[in-house]
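Notes for the one structure printed next.
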Amino acid sequence: MGTKHQSSTKAKHPARTQARPRKTKSFKDKLRPELQPECKPDPKHGDRLLIPTPMLVDAQVRKVRKGKLITPTQIRERLATEHEADRTCPLCTGIFLNIVAGAAEEDLAAGRKRVTPYWRVIKENGALCHKFPPGLERQTELLTAEGHEVVPPPRGKVPRVADFERRLVRK
(Lines give C-alpha, C1' and ligand atoms only; values in the text may rest on other atoms or scores of the structure.)
Protein backbone atom coordinates (compact mmCIF):
# COMPACT_ATOMS: atom_id res chain seq x y z
CA MET A 1 0.00 0.00 0.00
CA GLY A 2 2.88 2.35 0.74
CA THR A 3 4.26 1.79 -2.76
CA LYS A 4 0.98 2.81 -4.39
CA HIS A 5 0.91 6.06 -2.38
CA GLN A 6 4.49 6.95 -3.34
CA SER A 7 3.96 6.38 -7.04
CA SER A 8 0.74 8.42 -7.08
CA THR A 9 2.54 11.31 -5.36
CA LYS A 10 5.25 11.27 -8.02
CA ALA A 11 2.64 11.25 -10.76
CA LYS A 12 0.80 14.24 -9.30
CA HIS A 13 3.97 16.24 -8.59
CA PRO A 14 6.61 15.41 -11.21
CA ALA A 15 8.45 18.68 -10.50
CA ARG A 16 9.38 17.45 -7.01
CA THR A 17 11.75 14.91 -8.51
CA GLN A 18 13.53 17.50 -10.70
CA ALA A 19 15.92 20.09 -9.30
CA ARG A 20 14.93 23.63 -10.18
CA PRO A 21 17.70 26.05 -10.94
CA ARG A 22 17.80 28.85 -8.36
CA LYS A 23 18.71 32.33 -9.36
CA THR A 24 21.21 33.58 -6.82
CA LYS A 25 20.97 37.23 -5.88
CA SER A 26 24.01 39.42 -5.95
CA PHE A 27 25.14 40.99 -2.69
CA LYS A 28 24.16 44.38 -4.13
CA ASP A 29 20.60 43.07 -4.53
CA LYS A 30 20.63 41.88 -0.92
CA LEU A 31 21.30 45.43 0.35
CA ARG A 32 17.57 46.08 -0.22
CA PRO A 33 17.37 49.89 0.10
CA GLU A 34 13.57 49.74 0.27
CA LEU A 35 13.63 48.12 3.74
CA GLN A 36 12.90 50.22 6.81
CA PRO A 37 14.31 49.59 10.29
CA GLU A 38 11.96 48.44 13.03
CA CYS A 39 12.10 49.09 16.74
CA LYS A 40 10.25 46.36 18.61
CA PRO A 41 9.60 45.65 22.26
CA ASP A 42 11.63 42.67 23.40
CA PRO A 43 9.71 40.80 26.12
CA LYS A 44 12.71 38.57 26.87
CA HIS A 45 14.91 41.52 27.89
CA GLY A 46 12.20 44.10 28.61
CA ASP A 47 13.62 46.73 26.30
CA ARG A 48 13.40 48.11 22.77
CA LEU A 49 15.25 46.12 20.11
CA LEU A 50 16.24 47.68 16.80
CA ILE A 51 16.01 45.43 13.76
CA PRO A 52 18.38 47.25 11.38
CA THR A 53 18.54 47.09 7.60
CA PRO A 54 21.53 46.25 5.42
CA MET A 55 21.70 49.88 4.30
CA LEU A 56 21.86 51.15 7.91
CA VAL A 57 24.77 48.81 8.64
CA ASP A 58 26.41 49.88 5.37
CA ALA A 59 26.07 53.55 6.36
CA GLN A 60 27.76 52.92 9.72
CA VAL A 61 30.69 51.13 8.10
CA ARG A 62 31.08 53.94 5.55
CA LYS A 63 31.64 56.41 8.42
CA VAL A 64 34.86 54.65 9.49
CA ARG A 65 37.81 56.71 8.27
CA LYS A 66 41.01 55.30 6.82
CA GLY A 67 43.33 54.21 9.62
CA LYS A 68 40.47 53.51 12.03
CA LEU A 69 38.70 50.28 12.96
CA ILE A 70 35.26 49.41 14.35
CA THR A 71 33.71 46.34 15.97
CA PRO A 72 30.24 44.89 15.43
CA THR A 73 29.39 45.85 19.03
CA GLN A 74 30.27 49.49 18.33
CA ILE A 75 28.12 49.42 15.19
CA ARG A 76 25.17 48.01 17.17
CA GLU A 77 25.59 50.62 19.92
CA ARG A 78 25.68 53.48 17.42
CA LEU A 79 22.61 52.19 15.58
CA ALA A 80 20.67 51.78 18.83
CA THR A 81 21.53 55.32 19.92
CA GLU A 82 20.57 56.83 16.55
CA HIS A 83 17.20 55.05 16.56
CA GLU A 84 16.41 55.54 20.25
CA ALA A 85 16.50 51.83 20.98
CA ASP A 86 18.09 50.06 23.92
CA ARG A 87 20.01 47.65 21.71
CA THR A 88 20.35 46.35 18.15
CA CYS A 89 19.81 42.78 17.02
CA PRO A 90 23.26 41.14 16.90
CA LEU A 91 22.16 38.38 14.53
CA CYS A 92 20.79 40.77 11.90
CA THR A 93 23.83 43.02 12.25
CA GLY A 94 26.19 40.10 11.62
CA ILE A 95 24.25 38.91 8.59
CA PHE A 96 24.11 42.43 7.18
CA LEU A 97 27.87 42.94 7.71
CA ASN A 98 28.46 39.90 5.49
CA ILE A 99 26.13 41.34 2.84
CA VAL A 100 27.93 44.70 3.04
CA ALA A 101 31.30 42.97 2.57
CA GLY A 102 30.07 41.01 -0.43
CA ALA A 103 28.51 44.10 -2.03
CA ALA A 104 31.75 46.06 -1.54
CA GLU A 105 33.73 43.31 -3.26
CA GLU A 106 31.24 43.34 -6.15
CA ASP A 107 31.75 47.12 -6.42
CA LEU A 108 35.53 46.70 -6.43
CA ALA A 109 35.26 44.02 -9.13
CA ALA A 110 33.12 46.43 -11.18
CA GLY A 111 35.89 49.05 -10.97
CA ARG A 112 34.25 51.41 -8.48
CA LYS A 113 36.71 53.43 -6.40
CA ARG A 114 34.48 54.50 -3.49
CA VAL A 115 33.24 51.38 -1.75
CA THR A 116 32.13 50.51 1.78
CA PRO A 117 35.34 49.76 3.75
CA TYR A 118 34.10 46.51 5.30
CA TRP A 119 37.70 45.41 6.00
CA ARG A 120 37.82 47.98 8.84
CA VAL A 121 35.34 45.88 10.84
CA ILE A 122 37.15 43.57 13.26
CA LYS A 123 35.99 41.49 16.19
CA GLU A 124 36.11 42.82 19.73
CA ASN A 125 39.39 41.00 20.41
CA GLY A 126 41.09 42.41 17.30
CA ALA A 127 40.58 39.28 15.20
CA LEU A 128 39.64 39.57 11.55
CA CYS A 129 36.13 38.55 10.50
CA HIS A 130 36.58 35.11 8.98
CA LYS A 131 32.98 34.94 7.74
CA PHE A 132 33.26 37.87 5.33
CA PRO A 133 32.70 36.51 1.81
CA PRO A 134 36.09 37.50 0.37
CA GLY A 135 37.97 35.67 3.13
CA LEU A 136 40.72 36.42 5.62
CA GLU A 137 43.43 36.89 3.00
CA ARG A 138 41.51 39.72 1.33
CA GLN A 139 40.78 41.50 4.63
CA THR A 140 44.46 41.14 5.59
CA GLU A 141 45.54 42.59 2.24
CA LEU A 142 43.26 45.62 2.54
CA LEU A 143 44.12 46.34 6.19
CA THR A 144 47.85 46.05 5.48
CA ALA A 145 47.48 48.47 2.55
CA GLU A 146 46.03 51.01 5.01
CA GLY A 147 49.00 50.65 7.37
CA HIS A 148 47.59 48.19 9.92
CA GLU A 149 49.81 45.38 11.11
CA VAL A 150 48.04 42.03 10.91
CA VAL A 151 49.62 39.47 13.23
CA PRO A 152 49.70 35.88 11.97
CA PRO A 153 47.50 33.62 14.05
CA PRO A 154 48.60 30.94 16.45
CA ARG A 155 47.80 27.52 15.03
CA GLY A 156 44.09 27.11 14.31
CA LYS A 157 43.23 30.72 15.16
CA VAL A 158 42.26 33.83 13.19
CA PRO A 159 44.76 36.65 12.41
CA ARG A 160 44.51 39.79 14.56
CA VAL A 161 45.29 43.47 14.12
CA ALA A 162 48.25 44.45 16.29
CA ASP A 163 47.55 47.23 18.80
CA PHE A 164 43.98 47.50 17.49
CA GLU A 165 42.67 49.25 20.63
CA ARG A 166 44.43 52.50 19.67
CA ARG A 167 42.75 52.51 16.27
CA LEU A 168 39.16 51.82 17.28
CA VAL A 169 36.70 54.62 16.56
CA ARG A 170 35.63 56.56 19.61
CA LYS A 171 32.03 56.97 20.68
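The values are calculated or read from the model by the stated rules, or taken from the named source; none is laboratory data. This structure is a prediction, so every number in the text was calculated from the model and none was measured. Every residue, glycine among them, receives a Cβ derived from its backbone with ideal geometry; neighbour counts consider all protein chains shown.
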remark   = When (1) basic (Lys, Arg); (2) farther than 30 Å from PRO41 by Cβ; (3) surrounded by 16 or more Cβ atoms within 10 Å (Cβ to Cβ) are applied to ARG76, the one that fails is (2)
inquiry  = Given (1) surrounded by fewer than 20 Cβ atoms within 10 Å (Cβ to Cβ); (2) part of a strand (DSSP E or B), identify the lone condition not met by LEU50.
reply    = (1)
Failed criterion for PHE132 (all others in (1) in contact with a Lys or Arg (Cβ under 8 Å, 6 or more places away or on another chain); (2) part of a helix (DSSP H, G or I) hold) = (2)
query = For segment 143-163, how many residues meet the condition of being farther than 12 Å from GLY67 by Cβ, out of contact with any helix residue (DSSP H, G or I) (no Cβ under 8 Å at 6 or more places or on another chain) and not polar (S, T, N, Q)?
reply = 11
task = Pick out the one residue from GLU149, GLU137, GLU141 that is surrounded by fewer than 13 Cβ atoms within 10 Å (Cβ to Cβ) and under 19 Å from the mean Cα position of the chain (by Cα).
result = GLU137
ask   = Do the conditions hold for ARG65, that is, is it under 27 Å from GLU146 (Cβ atoms), modelled with pLDDT of 90 or more, of a type in the set (D, E, K, R) and outside any helix (DSSP H, G or I)?
value = yes
ask   = Which number in (1) of a type outside the set (Val, Ile, Thr); (2) in a loop (DSSP other than H, G, I, E, B); (3) within 29 Å of HIS148 (Cβ to Cβ) marks the one condition that PRO33 misses?
value = (3)
Exclusive hit being among the β-branched types (Val, Ile, Thr) and either in a loop (DSSP other than H, G, I, E, B) or touching a Pro at 6+ places or on another chain (Cβ under 8 Å) (or both), set ILE99, ILE75 = ILE99
request  = Looking for whichever is closer than 22 Å to LYS30 by Cα and either part of a helix (DSSP H, G or I) or among the charged types (D, E, K, R) (or both) here; the options are GLU124, GLU106, GLU137, GLU84. Which one fits?
outcome  = GLU106
